[in-house]
1. State the number of residues belonging to segment 66-84 that are aromatic (Phe, Trp, Tyr) and surrounded by fewer than 24 Cβ atoms within 10 Å (Cβ to Cβ).
2. Restricting to segment 89-147, give me the number of residues that are of a type in the set (Ser, Thr, Tyr), more than 20 Å from residue 47 (Cβ to Cβ) and at pLDDT below 95.
3. Any chance segment 20-40 includes a residue that's modelled with pLDDT under 95, assigned to a helix (DSSP H, G or I), out of contact with any strand residue (DSSP E or B) (no Cβ under 9 Å at 6 or more places or on another chain) and crowded, with 20+ Cβ neighbours inside 10 Å?
4. For residues that are in a helix (DSSP H, G or I) and either aromatic (Phe, Trp, Tyr) or without any contact (Cβ under 8 Å) to a residue 60 or more places away in the chain (or both), scanning just segment 106-121, find the one that is surrounded by the most Cβ atoms within 10 Å (Cβ to Cβ).
5. Kindly establish whether residue 87 is part of a helix (DSSP H, G or I) and buried (at least 16 other Cβ atoms within 10 Å of the Cβ).
6. Hey, can you tell me all the residues within segment 129-147 that are surrounded by fewer than 18 Cβ atoms within 10 Å (Cβ to Cβ) and free of Cβ contacts under 8 Å to residues at least 60 places away in the same chain?
Amino acid sequence: MTQSTFQRQTSDFTQQVVAGVIGGLAGGIVFGMMMGMMGALPMIAGLVGSSSAVVGFLVHMVISALIGASFGVIFGRMSSTYGTGLGWGLLYGLIWWVLGPLLIMPIMMGMGPQFGNAFATSNMMSLVGHLIYGGIAGLVYAWWINR
């Protein structure tokens, strides 16, 4: 591999991560506002031993940026148009709905996986929020890399 090929691949990877973080933050802001209206931010704050909605929003935004970065790494090459960005973003939102509120977060809070409660009203609202997050993240990702 030549140095210019390495530099181009490194640049592409960096651009995918940055675009993913920006998309993740955009989706995180919208989803965070929804969570605030539903009173869910103190529960997110519980992940770091707090009950503050402000702390919950900050934790949510850090998670949103990290998930956005991983979107860029995993789906970036396939998300170069608004349509593909939206499609892969919606899929990624669905994946994180399963991983986040149904698996990782309940385990971290000592409750165990919550797959049996997946279709409870609160989890359906969470699904909508995760889909909105993913859709926005994917659209903003596509916009960022094509600007």
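1. Let us first name the residues in segment 66-84 that are aromatic (Phe, Trp, Tyr), namely 71, 75, 82.
Going one step further and asking which of them are surrounded by fewer than 24 Cβ atoms within 10 Å (Cβ to Cβ), we end up with 75, 82.
Of the residues in segment 66-84, 2 are aromatic (Phe, Trp, Tyr) and surrounded by fewer than 24 Cβ atoms within 10 Å (Cβ to Cβ).
2. 1
3. No - not one qualifying residue is present in segment 20-40.
4. 106
5. Yes, satisfied.
6. Correct list: 147 only.
The values are calculated or read from the model by the stated rules, or taken from the named source; none is laboratory data. Since the structure is predicted, the reported quantities are computational estimates derived from the model, not experimental observations. Glycine also receives a Cβ, built like all others from the backbone with ideal geometry; neighbour counts cover every protein chain displayed.
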